[in-house]
Amino acid sequence: MAHIDLVGMRKVYSDGQTFFDVEDLVAREPFGQFGAWLKETCASPEIAEPNAMSLATSTADGRPSVRMVLLKGYDKKGFRFFTNKESRKGRELDNNPHAALLFYWATKAWSRQVRIEGPVEKLSEDMSDEYFHARPKSSQIAASASNQSDVIANRETLRQKFKEVEDKYSSETDVVPLPSFWGGYVVKPDMVKFWQDQAPRLVFRRPEPDEKINPDATSVMDDGWVLEIVQP
């Protein structure tokens with residue numbers, strides 16, 4: 001086993017000049033702030049996939065799982081992604097419709113995280129169909145051919161399934177139909193946490209209906225959100 005000094009492996013953070021604080025917010029709700037950071041990240045050549053995010057789900061009895069997926073849209077309703085609904089994550093979301101997302105972006109100048117938590121809903125078939133047919137045809141065929149998370153005997157089995165679907169829709173005019181097992185989800189956040197370098201975290205959250213807000217620690221923001229600063 002190769003020796004790697006993980007104990008001594010650490011990044012030296014800045015002296016505070018890149019810390020992110022309340023006065024650095026560009027919006028009084030989390031979606032505007034997320035959009036500003038995403039725009040900066042998309043402009044950085046150091047970030048290969050700015051829309052890559054960790055998606056954590058859980059079984060009904062609390063056993064978690066996590067994987068990388070791609071953000072394919074967001075607005076004030078939530079953060080959208082698409083997948084095979086019969087995959088492990090799809091089955092877990094059926095039984096426990098809550099999820100957590102994590103974006104981690106690191107450049108030589110700064111490191112940022114955005115954590116998102118909230119309930120999950122399925123997108124409409126129309127929205128799923130629109131996105132599915134915006135993908136390259138090869139991606140549509142791959143999604144149709146794969147029973148995601150199911151065990152197969154070997155790679156050749158999957159290649160053969162792909163070829164069968166590819167041959168079925170070989171003409172340029174052939175339309176690959178949206179599979180019944182494929183579609184989109186939206187995470188509707190009740191908490192969004194922003195972190196940059198070693199600064200305290202800025203947390204937007206939805207307060208409980210009867211919660212009494214402490215004005216000394218919690219700021220009332222826009223669209224029903226409150227903002228708090230939490231220790232790193």
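For the residue pairs K137/K168; K39/K85; K76/K137; K89/K163; K85/K137, alpha carbon separations beyond 24 Å are given by K39/K85; K76/K137; K89/K163. The stretch 46-119 and the stretch 128-182 have their alpha-carbon centroids 23 Å apart.
If you place +1 on the Cβ of every Lys and Arg, -1 on the Cβ of every Asp and Glu, and leave all else neutral, what size is the dipole of the chain about its Cα centre, to the nearest 20 Debye? Value, rounded to 20: 640 debye.
Here the contact order of the chain, divided by its residue count and restricted to Cα pairs under 8 Å and six or more residues apart, works out to 22 percent.
The loop-placed trypsin sites (Lys or Arg not before Pro) in the stretch 99-145, going by DSSP, that have at most 13 neighbouring Cβ atoms within 10 Å of their Cβ come out as K108.
Comparing E156, E117, E86 in a Gaussian network model of the chain where C-alpha atoms under 10 Å apart are linked, the largest mean-square fluctuation is found at E156. Mean-square fluctuations from a GNM of the chain, with a 10 angstrom spring cutoff on Cα atoms, peak among G184, G32, G118 at G32. A simple rule links phi to the HN-Hα coupling: the Karplus curve 6.51 cos²θ - 1.76 cosθ + 1.60 with θ = phi - 60°, which for the stretch 169-186 gives 10, 6, 6, 4, 8, 5, 9, 6, x, 5, x, 5, 9, 10, x, x, 9, 10 Hz, with x for Gly and Pro.
Helices in the chain, meaning DSSP H runs of at least 4 residues, each add -39500 (n - 2.57). Divided by all residues, the mean residue ellipticity at 222 nm is -6500 deg cm²/dmol.
Here the stretch 1-148 exposes an accessible surface that is 52 percent carbon and sulfur, computed with a 1.4 Å probe and the other protein chains kept in place.
For the stretch 98-158, relative contact order (Cα pairs under 8 Å, six or more residues apart, normalised by length) works out to 21 percent. For the pair R159 and S139 in one chain, pulling the backbone fully straight at 0.36 nm per residue adds 5.8 nm over the alpha carbon distance. Solvent exposure of the chain amounts to 61 Å² per residue of accessible area, where only protein heavy atoms count and the probe is 1.4 Å. Considering only V230, L158, G8, the residue lying farthest towards the positive end of the dipole of the chain is L158, judged by Cα position with unit charges set on Cβ. Toward the positive end of the charge dipole of the chain, with +1 on the Cβ of Lys and Arg and -1 on the Cβ of Asp and Glu, the farthest Cα among G62, Q198, L101 is that of G62. Since only P189, S144, H133 are under comparison, the one whose Cα sits farthest along the positive direction of the charge dipole of the stretch 129-232, derived from C-beta charges on Lys, Arg, Asp and Glu, is S144.
Using 0.36 nm per residue and subtracting the Cα-Cα separation, the extra length available between E166 and D126 on full extension is 12.0 nm. Measuring r between the beta carbons of Y104 and V22 and using R0 = 22 Å, the FRET efficiency lands at 0.50.
The values are calculated or read from the model by the stated rules, or taken from the named source; none is laboratory data. Keep in mind it's a predicted model, so treat the numbers as computed, not measured. Every residue, glycine as well, gets a Cβ built from its backbone with ideal geometry; the counts of neighbours run over all protein chains shown. All accessible areas refer to the heavy atoms of the entire protein, side chains included, with ligands and DNA or RNA removed. Shrake-Rupley method; radii C 1.70, N 1.55, O 1.52, S 1.80 Å.
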